[in-house]
Amino acid sequence: MLFGTALLFFASGIQLVDVAQQAGLDFQHVSGSPDKAALLDTMSGGVAWIDYDGDGRLDLYLVNGGRWEDLKSGRRSASNALFRNRGDGTFEDVTEKAGVAGSGWGMGATAADYDNDGDPDLYVSNYGPNTLFRNNGDGTFADVTSSAAVGGQAWSSAAAFADYDGDSRLDLYVVNYVKFDFESSHTRDCSYRALKVHCGPKGMLGASDVLYRNNGDGTFSNLTASAKAAATASYGLGVLWGDYDSDGDQDIYVANDSQANFLFNNQGNGTFEEVGLLAGVAMSEDGNAQAGMGVALGDYDRDGDLDLFVTNFSDDYNTLYRNMGRGVFRDVSYAAKVGFSSRQYLGWGTHFADLDNDGWPDLFVANGHVYPQVDDFEIGTSYRQGKLVYRNRGDGSFEEVSGKWGDGLKKPSASRGAAFADFDGDGDIDVAVNNLDGRPQLFVNQGGDRNGNWISLKLQGVRSNRDAVGARVTVVTAGGRQLQEVQSGVSFQASNDLRLHFGLGRHDTVSELKVRWPSGEVQSFNGLKAGRRYRLKEGDQPSPEPAAASPHRKP
C-alpha cells in the first residue's frame, strides 16, 4: 500500500458552494404526502450528468417523483427536467424540447450510449414501467421503451449499464424494490422508536432484479434466469457494475434494504454466481443485514483493487469494505473512521471522488431521513440532514471535513441522488444533489483546481462499447499508482460523468497511463502532462484538449 502521501499534502482552501439558484436550476421535486404516509413517498430523486447535445459541456437531468392523485387519475403533474449547460455557469430548461419529461413516478436515471451511435441515451427507472429514451442526435429523444422491451411493471429503484458478455454492446441491470400497493400500505400500523410512521419493506414481498442483454438491433432480451443474475426476490435499492476481482469482466453489486446485499461474480461464460456472503460484502462486520441504499466503488487505499462503500439507515453505520484481494473484502468502517460519524445520518447518494486533487479519493455522502416524525422528539437524528464529506488522509483513514469544506454542506435537506462531474471544466469535481420535496443543490468546487494537479480522460471504444464502460485505467506518478473504471449507473439512482478524473497532487506529469479496454486490449502511454483533458480512442494515441475556463473560478 502507498499510504502516507496525503499526510504531507494537506488540502486547504477547498469550498463546495451551492450555486443551484444562480445557475438557473429551477426545479421542484415532489414525492407523495408531506407526512410520508406510505413507503413510496420516501423514494425518488435520481440525477444524471449527460452531454446530450454533444457540445462538450455536461448537462443535468433531474428525476421527479409524483403525487397519489396522479396515480389515481392516470395523469402526470410532476415532470422530470433536463437542463442544458450554457457554458457560462448557467443552465437552460430544455425538457419539453428534448422530450424527456417522463410519464411515471420517477426514481433514478442512468446515461449511456447503449446503441453505439455516438450520443448518450437515458434510462429512467420508475414506480411502474421504466423508460428508455433514445437520443436522436438532434437535441431530442425518442421513447423506445416498448420496442426495446425494457419497460417492466415492477417498482424499479435504479439501473446500470455494462457489457457483461464481451460483445461490445451495453447490457442493462435493473434493481427492483418491493411489490407495493397503495391501499394495503395504509392498512398497517408501524412504529419507529415509539413514533407512528409508515411501514417499511419488512413484511412486503420483494421484487426480483432483471438483467437485460443488448441484442444489438435496438432490442434487449431478459436473460436473468439463464444468466443466474438474480438471487431470491429482495428489496433492491442500489446497484453498480465493476471488476472487483480484477479478472477482466464486469461483476454486479446490489445493495438491499434490510436484507443481505448481493455480489454477482461474472463467470466469464454468460452466467453469474452470487458470492456476497463468501466475499464478505453481504452484511456488516458483526453479521447483521443493513439497509443499503447508495453504493460506490473505488480504490481508496491505492493498493490496486476496487473497494466498496455502502450507505445505510440511521442508528447504523455506513459500511466501507476494503478489498483484500482474491475476491475477499473486510469491513473497515470504524478503522477508516467513516463508521461512527455516520450513525445519526441516513445515507443515500455517494461516490469516491478526489475533491481536493491530492491523488487520494475522498468520500461524499448525501443524507436525509424517511420519517418526518423524527423531528417531533429529540432522538438523536432529524428528517432533513446535512451532507458528509470525508477527506482521504492517505493512511487508510478519512477525516470528516463537511464543516470545513463549505457551509452549504450542512444545510438540512432530505437528499437522495448525488452525481459527480467537473461540469464547469475548471479541473475539479463538482456535485449535483436531488432533494426529496425540495430544490436541487449544485455544489461547485472552488479551490480544488488550485489545490493540486489533475488529469481528465474521455475514452472511446472501437472494439469495445463506444462509451468504454468497464475500461480500467491506471495512472502512475512519482507519488504512486491510482486505479479507476468507467461506470454508468452508480451512487443512488444516479449517473456520473463518464470521463475519469484523477487528482495528481503536486506532480505535473503522468509517468505511465495504462488502459485495459473492455475488449481486452491493453495500451500504455508515458509522459502525459497534468492540467489537461485527453481524449483516447481505442487503438490510438491520446489527444490533448485545452481545459475550459471556469466561470466560478475565484480571482
(message) Return the residues of the range 59-88 that are basic (Lys, Arg) and within 27 Å of the chain's Cα centre (by Cα); say none if nothing qualifies.
(response) ARG67, ARG76, ARG84, ARG86
(message) Please go through the range 240-259 and give me each residue that is in a strand (DSSP E or B) and closer than 14 Å to ALA162 by Cβ, ordered by number.
(response) LEU240, TRP241, GLY242, ASP251, ILE252, TYR253, VAL254
(message) Of all residues being under 21 Å from TYR534 (Cβ atoms) and of a type outside the set (Phe, Trp, Tyr) in the range 38-58, which is nearest to the chain's Cα centre (by Cα)? Just the residue, please.
(response) ILE50
(message) Six or more apart or on different chains, Cβ atoms under 7 Å: show the pairs whose first residue is in the range 10-37 and closer than 18 Å to GLY408 by Cβ and open to solvent by less than 20 Å² (accessible area, probe 1.4 Å) and whose second is modelled with pLDDT under 95 and in a loop (DSSP other than H, G, I, E, B).
(response) ILE14/GLY447; LEU16/GLY406; VAL19/HIS552
(request) Look at ILE429 and say whether it is closer than 30 Å to GLN541 by Cα and either in contact with a Lys or Arg (Cβ under 8 Å, 6 or more places away or on another chain) or open to solvent by less than 10 Å² (accessible area, probe 1.4 Å) (or both). (result) no
(message) Test of understanding: among TRP348, TRP360, which residue is within 19 Å of the chain's Cα centre (by Cα), more than 23 Å from ASN435 (Cα to Cα), buried (at least 23 other Cβ atoms within 10 Å of the Cβ) and at pLDDT 95 or above?
(response) TRP360
(message) surrounded by 15 or more Cβ atoms within 10 Å (Cβ to Cβ), modelled with pLDDT of 95 or more and over 25 Å from ASP117 (Cα atoms): is that true of VAL94 in this structure?
(response) no
(request) Among the candidates ALA366, ALA353, single out the residue that is within 14 Å of LEU436 (Cβ to Cβ), surrounded by 24 or more Cβ atoms within 10 Å (Cβ to Cβ) and either modelled with pLDDT under 95 or not aromatic (Phe, Trp, Tyr) (or both). (result) ALA366
(request) Would you mind stating whether ALA414 is within 16 Å of the chain's Cα centre (by Cα) and among the small types (Gly, Ala, Ser)? (result) no
(request) Name every residue in the range 523-546 that is touching a residue at least 24 places away in the same chain (Cβ under 8 Å) and over 13 Å from GLU512 (Cα atoms), in order of residue number. (result) GLY531, ARG532, ARG533, TYR534, ARG535, LEU536, LYS537, GLU538, GLY539
(message) Which numbered condition in (1) more than 22 Å from the chain's Cα centre (by Cα); (2) at pLDDT 95 or above; (3) open to solvent by 10 Å² or more (accessible area, probe 1.4 Å) is the only one that ARG384 fails?
(response) (1)
(message) I'd like to check something: does the range 490-504 contain any residue that is out of contact with any Leu (no Cβ under 9 Å at 6 or more places or on another chain), open to solvent by less than 20 Å² (accessible area, probe 1.4 Å) and part of a loop (DSSP other than H, G, I, E, B)?
(response) yes
(message) Please count how many residues of the range 16-57 are touching a Lys or Arg at 6+ places or on another chain (Cβ under 9 Å) and in a loop (DSSP other than H, G, I, E, B).
(response) 19
(request) Quick one: which residue in ALA279, ALA260, ALA230 is buried (at least 17 other Cβ atoms within 10 Å of the Cβ) and modelled with pLDDT under 95? (result) ALA230
(message) Tell me yes or no: at least one residue of the range 59-77 is crowded, with 23+ Cβ neighbours inside 10 Å, out of contact with any Leu (no Cβ under 9 Å at 6 or more places or on another chain), modelled with pLDDT of 95 or more and closer than 23 Å to ALA162 by Cβ.
(response) yes
(message) Condition check: surrounded by 24 or more Cβ atoms within 10 Å (Cβ to Cβ) and charged (D, E, K, R). Does ASP395 satisfy that?
(response) no
(message) With farther than 18 Å from ALA112 by Cα and β-branched (Val, Ile, Thr) as the only criterion, which of VAL462, VAL476 stands out?
(response) VAL476
(message) Can you say whether MET293 is among the aliphatic types (A, V, I, L, M), modelled with pLDDT of 95 or more, surrounded by fewer than 19 Cβ atoms within 10 Å (Cβ to Cβ) and assigned to a loop (DSSP other than H, G, I, E, B), as far as the supplied structure shows?
(response) no
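The values are calculated or read from the model by the stated rules, or taken from the named source; none is laboratory data. All values reported here derive from a predicted model rather than from experimental measurement. Note: ideal-geometry Cβ built from the backbone for every residue, glycine included; neighbour counts use all protein chains shown. Heads up: the accessible areas ignore ligands, DNA and RNA and are worked out on the full protein's heavy atoms, side chains in. Shrake-Rupley method; radii C 1.70, N 1.55, O 1.52, S 1.80 Å.
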